Amino acid sequence: MALAQCSREGAVERDPSTLTIHVADSDERAMGPLGLKWFPVFLGLTDDQDRTGQPQSRLLERWEHTPDYTEWTVHLREGVLWNDGEPVTAEDVKFSLELWTDEEVLYENPWFDHITVLGTHSLKLTFVEPVGGTLFTFNWLPMLPKHLLENLAPEEIFSWPFWVQPVGNGPFRYVRHVPQTMTQLEANPDYFGEAPRIPRVVLRYGGNRLVELLSGNVDVVSGLTPLDAVQLSSDPRFRIYHRIRYPQDIAIVWNHRNSLFSDPDVRRALTMSIDRRELHRLLSYPDDLPIFDVPALARHHLQGVVPAGLPFDPAGAAALLERAGWVDTDGDDILEKDGQEFRFTLSTTANETTEAVYLQDRFRRAGIRMEIGTFDRDALRERTDRMFDFDAAIVYYNYIENFGEFRRSGYENANASRLRDGAWFTVDPETADRNLFELWEIFEQEIPVTYLHHRIEYLAAHRRVQGLRNNRDLFSIVEHLWIDEDENEGGR
């Protein structure tokens with residue numbers, strides 16, 4: 001069977017040399033800052049980190065830094081061209097970094113103090129404070145052609161016509177589009193790397209992703225719910241892939257300002273009352289999803305050095321709660337201490353309803369009464385990050401910078417703060433890890449937050465689409481995919 005391709009009127013034709021990808025938004029600016037599907041057409045500075053945490057060359061070929069890590073000199077690949085034939089230069093990189101950090105755009109923090117172009121293919125970034133991996137936080141952003149964009153207003157970046165007909169430097173280049181229907185890309189003949197194995201890619205906009213996949217209009221869909229993924233996994237035409245969004249973890253933040261959660265024995269008991277493996281199964285998450293109690297980066301999980309989290313142990317949890325003074329004295333199945341019942345409200349959003357209802361049941365069995373307060377994401381952030389008006393909350397917890405001075409949770413531990421700073425701001429990775437590993441020991445004892453699970457995304461692809469892997473972003477690896485028509489049993 002042939003792959004799907006949109007005709008001029010948007011009808012579906014079959015073409016074995018074309019990969020069709022569903023894009024949920026109907027706006028053809030998918031390769032812009034609202035769609036973020038830019039890496040088939042644009043290059044980033046470096047590629048994903050390997051298991052050791054080292055970034056891989058992409059547009060940047062090599063880099064070095066001063067002994068104090070305050071100046072980094074980066075060198076671009078020579079011979080890289082924009083699709084209009086103009087060479088990619090250091091001026092483009094300087095322009096792009098300053099654009100993405102412009103106060104009218106602010107897609108990334110301006111970690112650098114200033115940027116100096118040293119030559120056609122080299123530039124120097126100067127930082128006020130020493131930086132290590134911070135330099136590569138820009139990896140998720142594309143480098144853009146200065147000669148085409150320098151006179152456009154940054155505050156209008158989201159509506160630039162450029163995103164509809166982008167001029168890039170990546171493995172694919174723009175060919176044509178049908179408004180709100182599709183965009184066609186083709187392999188870039190001037191690409192510096194190995195030519196893509198699939199000659200054409202079509203981004204097909206809008207419509208129900210499952211309907212589009214099942215009807216054969218598209219070959220790959222992303223943004224699936226776990227339930228979608230489970231249902232599609234029984235269809236022999238498709239394979240399911242997942243991506244862990246390191247380090248965006250879903251966690252319960254206990255408000256340490258509330259006397260209920262000021263005792264580490266209580267926080268440990270609450271964590272041990274949750275069967276996190278059962279919760280993962282309830283959410284239809286992978287069976288091997290790790291259970292952990294410490295903040296870590298992707299490389300720590302990939303290296304297998306993150307310690308296992310507390311086990312599900314209701315009896316042990318009950319003993320800890322009793323030791324902390326929480327017992328059921330009147331036989332009503334609710335724990336009390338000094339005349340106070342153990343009751344609290346868990347604040348969350350509708351996206352975490354399954355987790356909240358599950359926790360409510362588990363805590364009920366432990367003699368704890370938990371109410372659920374549901375808010376939209378902005379309101380929850382206001383309550384937890386600014387007003388501190390919550391008992392406990394399910395939130396995204398992003399590594400350790402979210403702790404700040406532990407303001408959200410109110411957790412206070414001077415040694416933990418020192419180690420946190422040493423892990424986050426130390427440029428030498430070995431020294432940073434030593435600080436982090438010591439911080440882990442404190443976390444395992446104190447349990448200031450309870451990690452529930454990683455944030456996971458799913459996609460489904462027709463079996464003939466080869467080269468997809470778990471934990472890789474689809475749009476960053478399109479150039480490495482290929483089509484095997486022998487995998488086409490069952491038809492479309």
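Applying 1/(1 + (r/R0)^6) with r as the Cβ-Cβ distance of L106 and T73 and R0 = 30 angstrom yields a FRET efficiency of 0.70. Spacing of the modelled spin labels on L34 and T374, each 7 Å from Cα toward Cβ, amounts to 2.8 nm. Dipole check for the chain: with +1 at the C-beta of Lys and Arg, -1 at the C-beta of Asp and Glu, and the Cα centre as origin, the magnitude is about 1040 Debye. Please give the helix 353-365 orientation as an angle from the longest Cα principal axis of the chain, in degrees from 0 to 90, rounded to the nearest 10. Relative to the chain, helix 353-365 is tipped by roughly 20 degrees. In summary, the lysines within cross-link reach of K124, defined as a Cα separation below 26 angstrom excluding same-chain residues under 8 places away, comprise K94, K146. Binning all Cα-Cα separations of segment 230-371 at 10 Å, short to long from zero, yields these whole-percent fractions: 10, 35, 32, 16, 6, 1, 0.
Please compute the net charge surrounding F192, taking Lys and Arg as +1 and Asp and Glu as -1 over other residues with Cβ under 12 Å from its Cβ.
-3
Report the gain in length on full extension from D287 to E64: 0.36 nm times residue separation, minus Cα-Cα distance, nm rounded to one decimal.
Fully extending the segment from D287 to E64 adds 76.2 nm.
Annotation: the antiparallel percentage among DSSP beta bridges lying fully within segment 284-417 is about 25.
Given the chain, what percent of its DSSP beta bridges are antiparallel, to the nearest 5? Approximately 80 percent, going by the DSSP bridge assignments.
Roughly speaking, what is the stretch gain from F388 to V305, that is 0.36 nm per residue apart minus the C-alpha to C-alpha distance, in nm to one decimal? Computed gain between F388 and V305 is 26.6 nm. Set the Förster distance to 41 Å, then compute FRET efficiency between N208 and R418 from the Cβ-Cβ distance, nearest 0.05. That pair, N208 with R418, gives E of 0.20. Based on the Stokes-Einstein relation at 4 °C and a viscosity of 1.567 mPa s, and on the Kirkwood radius from alpha carbon pairs, the chain is assigned a translational diffusion coefficient of 52 µm²/s. Projecting the Cα positions of T374, G410, Y397 onto the charge dipole of segment 281-438 (unit charges on Cβ atoms of Lys, Arg, Asp and Glu, taken about the Cα centre) puts Y397 furthest along the positive direction. The shape of segment 345-487 comes out oblate: with a ≥ b ≥ c from the C-alpha gyration tensor, a/c is at least 1.5 while a/b does not beat b/c.
Net charge near A393: determine it from the other residues with C-beta under 9 Å of the C-beta of A393, scoring Lys and Arg +1 and Asp and Glu -1.
+1
With both labels modelled 7 Å from their Cα along Cα-to-Cβ, the L227 to Q165 distance reads 4.4 nm. A crude spin-label estimate for the pair E156 and S259, with each label 7 Å from Cα along the Cβ direction, gives 6.1 nm. For the chain, the relative contact order works out to 20 percent when only alpha carbon pairs closer than 8 Å and six or more residues apart are counted.
Tally Lys/Arg at +1 and Asp/Glu at -1 over every other residue whose Cβ is under 13 Å from the Cβ of R173; what's the total? Once positives and negatives cancel, what remains is -2. Taking one quarter of the surface of the C-alpha convex hull of segment 147-241 gives a mean projected area of 8.7 nm². In segment 41-185, the C-alpha radius of gyration followed by the widest Cα-Cα span (Dmax) gives 15.7, 52 angstrom.
FYI, it's all coordinate maths here, none of it is from the lab. Being a predicted model, the structure only gives us computed values, none of them experimental. We place every Cβ from the backbone using ideal geometry, glycine too, and count neighbours over all the protein chains shown.
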